[in-house]
Amino acid sequence: MKHVWMALALLLATPAGAEVVGEVGVDWVGNDILIEAIPDPEVQGVTCHIAYFDRSVIDRLRQGNWFEDPSNASIACRQTGPVTVGDIDRSKDGEEIFKASRSLVLKSLRITRIYDEANDTLIYLVHARELTEGSAKMSISTVPLWRARD
């Protein structure tokens with residue numbers, strides 16, 4: 001049983017590159033909204049903040065679903081220093097810059113960066129990816145580059 005708890009703790013740990021900067025309790029059973037800061041690995045000077053629901057052990061027991069967190073997330077990305085754009089994917093599909101597991105196996109929370117060349121703007125999309133059922137829960141944020149660069 002100890003190994004199961006250790007595996008679960010590793011699964012739910014903050015992914016590399018993300019730093020928890022806020023935690024807001026939302027009810028008496030210990031459910032929280034976590035806020036993480038995630039710097040864009042290829043665009044120096046841009047940081048995204050995502051907020052998402054983190055289920056407590058009591059809520060997991062009550063709901064009968066131990067291994068899954070909700071897909072809901074919100075994102076806000078801003079210039080946090082001089083902007084230097086590295087070698088980014090400029091296709092319409094964009095580039096995944098962050099992912100974190102939201103269930104034991106099948107669901108993950110992802111941030112995709114898309115470059116809107118016509119408007120010189122970076123678009124950041126946070127969404128869930130599931131193996132069998134896609135999710136319509138998403139949020140976007142934009143960072144205009146026209147005055148952001150050195």
What residue, among those in the stretch 23-76 that are hydroxyl-bearing (S, T, Y) and either open to solvent by 20 Å² or more (accessible area, probe 1.4 Å) or under 17 Å from I123 (Cα atoms) (or both), is modelled with the highest pLDDT? T47
Scan the stretch 110-131 and give yes if some residue there is open to solvent by 20 Å² or more (accessible area, probe 1.4 Å), more than 21 Å from P41 (Cβ to Cβ) and at pLDDT below 85, otherwise no. yes
Of all residues in the stretch 93-109, count the ones that are modelled with pLDDT of 85 or more, open to solvent by 50 Å² or more (accessible area, probe 1.4 Å) and not in a strand (DSSP E or B). 1
Checking R90 against (1) assigned to a strand (DSSP E or B); (2) at pLDDT 95 or above; (3) open to solvent by 80 Å² or more (accessible area, probe 1.4 Å), the condition it does not meet: (1)
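The values are calculated or read from the model by the stated rules, or taken from the named source; none is laboratory data. Here the structure is a predicted model, which is why all the values come from computation and not from measurement. So basically every Cβ, Gly included, is an ideal-geometry build from the backbone, and we count neighbours across all protein chains shown. Side chains are part of the model used for accessible areas, which takes the heavy atoms of the whole protein and leaves out ligands, DNA and RNA. Shrake-Rupley method; radii C 1.70, N 1.55, O 1.52, S 1.80 Å.
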